[in-house]
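One structure is given below, represented as structure tokens, and several questions about it will come after.
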Amino acid sequence: MTAVSAERFRSVVADRLGLSFDDAKLPMLIEAVQRRAHATRQPVDAYLTQLETDASGGELGAVASELTVTETYFFRHMDQFRAFAEIALPDRVRARGGFKMLRLLSAGCASGEEPYSLAMLVRDARLPPSWRVSIRGVDVNAAALQRAARGRFSQWSLRETPADVRETWFRAEGRDVVLDDAIRGAVEFDERNLAADAFDLWPAAAYDVIFCRNVLMYFTPEHAQALVARMTRALAPGGYLFLGHAETLRGLSQHFQLCHTHGTFYYQRRDELQPSPSGNRAAAVPPAAAETALAAIVDDADTWVDVIQRATMRIEALTQAQPRASATRSAPRSELGLAHDLLRQERFGEALELVLRLPSESRSHPDVLLLQALLLAHAGRLTAAESACRELLARDDLNAGAHYVLALCREGAGDRRSAEEHDQVAAYLDPLFAMPRLHLGLLARRAGHRDAARRELGQAIVLLQREDASRLLFFGGGFNRETLIALCHAELEAMR
């Protein structure tokens, strides 16, 4: 099989199924296309031509069976199911009280454990008999759906299932367990390709809750964006979306409110006509000298935001004693660009003055609001900084930087729990963002939570080593990469 044929197969898989595979997965793709070509008794090139032109999509299901992961289990990531049962389900019951009908979708349901888990929780809610609840499980893998419809599972599939649920809804049969007919009959399964649009699968405002976990992470960026747009269209205003733990809507949609309860993250679609429900949504000195100075400041300060403020004051004093570099522009540039120049020169006070002098319409731009909030926090004006963060998050609550700055503000206000929550949101929205991890580590150490502190500071060290230099300049509080890494090591050493 030629490299051209392998690329051709990767291209058709991306185009027709939305699946993205990097070069390291090419050997697996080659084996898969060879198996399918052999199964259909065709040369590879002829098989690829059929796959590219097959309007029925029948062979796509077979390819999907080769390439998709189907291993799952009941109540996987129980924290999300608790959030569904205690937050999303009661809220949607209240919203649908006049219609007495709920519609739930499990997109990418594999062998059915997820929608069946939802069905058990709905039964536990004991809705009146007048209510009609539709639970739909869809997947492109026909073989997995056939296993789902049989309702027969291995004992391993129940490894996270509570004992009382096992006793109520399952019976042993040989080495397997069989699901109760009442739960089997509550779920409808349908073979569907999530990379393709279909009006009957995605009707406007139809669903109350969508579970689409560990699907977007395998999609190409274009197909992920399109799938999110379809789910947005199909969710009723106020409906809930649950993604996998490694997935976020950052960069994909602004139509959702991020929720943070039960130790997990999920989303609620905004109601464009009404406010979203409130609730728990959640140096110019040598490196060695900088590390010594930072260690002394950290030991003496009450909070990380105090450390940043004292370091900012120290840098201001140093720069005022030296000739100032020119901040004039050699070519026309925006005021925001000039503010970034001043920040790069560690002239924080001047940068803040420039931002505050901008016209009100310019200060409302998200990038300017974030810079304003950050500079206000550096200056110790935490109330004003928090106000700027709240204004930005009212427009974009998926802005990881705003959540991090708000965490600094909340710590400065003595609200450690809220500071931790905003750091956790920032780290969830952008898993490569180092500063929320560092801050969480410092918060945990001050609270005496040594295991959490070690975990967070260890992750911060890894992330700091590859953090983007411009973002470190922006969020690093005046400290460079080496100094921040040294701080993490010093904090870890102090706990031994």
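Six or more apart or on different chains, Cβ atoms under 7 Å: show the pairs whose first residue is in the range 226-247 and closer than 15 Å to V209 by Cβ and surrounded by fewer than 23 Cβ atoms within 10 Å (Cβ to Cβ) and whose second is of a type in the set (S, T, Y) and modelled with pLDDT of 95 or more.
Close Cβ pairs satisfying both conditions: A234/Y207; A236/Y207.
Kindly provide the set of residues from the range 354-382 that are at pLDDT below 85, under 21 Å from T303 (Cα atoms) and small (G, A, S), ordered by number.
A379, G380
Which one of these is assigned by TED's automatic domain parsing to the domain that holds H439 and within 22 Å of A246 (Cα to Cα): D415, D396?
From the options D415, D396, the qualifying one is D396.
Kindly check whether there is at least one residue in the range 443-458 that is part of a helix (DSSP H, G or I), assigned by TED's automatic domain parsing to the domain that holds L374, in contact with a Lys or Arg (Cβ under 9 Å, 6 or more places away or on another chain) and under 20 Å from N399 (Cα atoms).
Within the range 443-458, not a single residue is part of a helix (DSSP H, G or I), assigned by TED's automatic domain parsing to the domain that holds L374, in contact with a Lys or Arg (Cβ under 9 Å, 6 or more places away or on another chain) and under 20 Å from N399 (Cα atoms).
Follow-up. Taking the options A351, A385, A394, name whichever one is more than 23 Å from R437 (Cβ to Cβ), at pLDDT 85 or above and either surrounded by fewer than 13 Cβ atoms within 10 Å (Cβ to Cβ) or not hydroxyl-bearing (S, T, Y) (or both).
Only one candidate passes the filter, namely A394.
Within the range 91-107, does at least one residue satisfy the condition of being modelled with pLDDT of 95 or more, acidic (D, E) and over 21 Å from C259 (Cα atoms)?
Among the residues of the range 91-107, not one is modelled with pLDDT of 95 or more, acidic (D, E) and over 21 Å from C259 (Cα atoms), which makes the answer no.
Ok, one more. Specify which of the listed residues (A143, A119) is among the aliphatic types (A, V, I, L, M) and under 22 Å from H245 (Cα atoms).
Within the list A143, A119, the selection yields A119.
What are the pairs, 6+ residues apart or on separate chains, where a residue within the range 12-30 that is aromatic (F, W, Y) has its Cβ under 9 Å from a residue that is assigned to a helix (DSSP H, G or I)?
F21/R10; F21/V13; F21/A14; F21/M28; F21/L29; F21/L67; F21/Y218
The values are calculated or read from the model by the stated rules, or taken from the named source; none is laboratory data. The structure presented is a predicted model; accordingly, all values stated were derived computationally and were not measured. Positions of Cβ are backbone-derived with ideal geometry, glycine not excepted, and every protein chain shown enters the neighbour counts.
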